[in-house]
Amino acid sequence: VYRLFSSKIGILKSLLDVSIVGDDEEVPMAQRPHVQSLLRAPDARSQLAGFAAVTVDVNRRVAPVYRILVSAAGTDPDAVELLDELTTQRQQGQRMIARSLARAGALRPGVRERDAADVIHALMSPEVFRLLVVDRGWKPDRYERWLTATLADQLLPPDPPPRASGRGS
């Protein structure tokens, strides 16, 4: 096995790569058709819901391996480097979401693209998934609903209140 992967970190990296995208194709997550489709979605709330679903899928697959990587990073410089690389890739992907929302004019007034990227990065993190789903026992669909609602609440303007449809007006 070491001949194929060169080290334990090589094995871990390969496991993470497959776990993140869900297969062994050499297509990065950001270039996958379903991600590209979400980035072009005209409705910001649907876009956030779609990315919340992607986040849940990824975190369900990655959580056990990610935990091993974080633990290894406490003592292994190669693990630190891999963790930093994954974090950078995640930040780049999440910045694409913020950029898409900003370009569509969908961000709440006063929320800059950079601020949106920070909020997305924090809320979609594997750490928040682990805290709520693994540690607190939330079902993944509950986490997905919470994530969608929280992202929308933090990033998008509030929905206008429904208009009363009374006959006497």
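Assorted remarks:
- Shown in residue order for the range 38-44 are the 3J(HN,Hα) couplings computed by the Karplus curve 6.51 cos²θ - 1.76 cosθ + 1.60 at θ = phi - 60°: 5, 5, 9, 4, x, 9, 4 Hz (x for Gly and Pro).
- Spin-label model distance (nm) - residue 149 vs residue 43, 7 Å beyond Cα toward Cβ: 1.8 nm
- Whether the range 72-136 is rounded, prolate or oblate, judged on the alpha carbon gyration tensor where a/c under 1.5 counts as rounded: oblate
- Within the shell of other residues whose beta carbon sits under 14 angstrom from the beta carbon of residue 95, the net charge comes to +2, with Lys and Arg scored +1 and Asp and Glu -1.
- Per residue accessible area in Å² of the range 58-163, where ligands, DNA and RNA are left out and the probe is 1.4 Å: 60 Å²
The values are calculated or read from the model by the stated rules, or taken from the named source; none is laboratory data. Worth saying up front: this structure is predicted, and the values here are computed from it rather than measured. Positions of Cβ are backbone-derived with ideal geometry, glycine not excepted, and every protein chain shown enters the neighbour counts. Side chains are part of the model used for accessible areas, which takes the heavy atoms of the whole protein and leaves out ligands, DNA and RNA. Shrake-Rupley method; radii C 1.70, N 1.55, O 1.52, S 1.80 Å.
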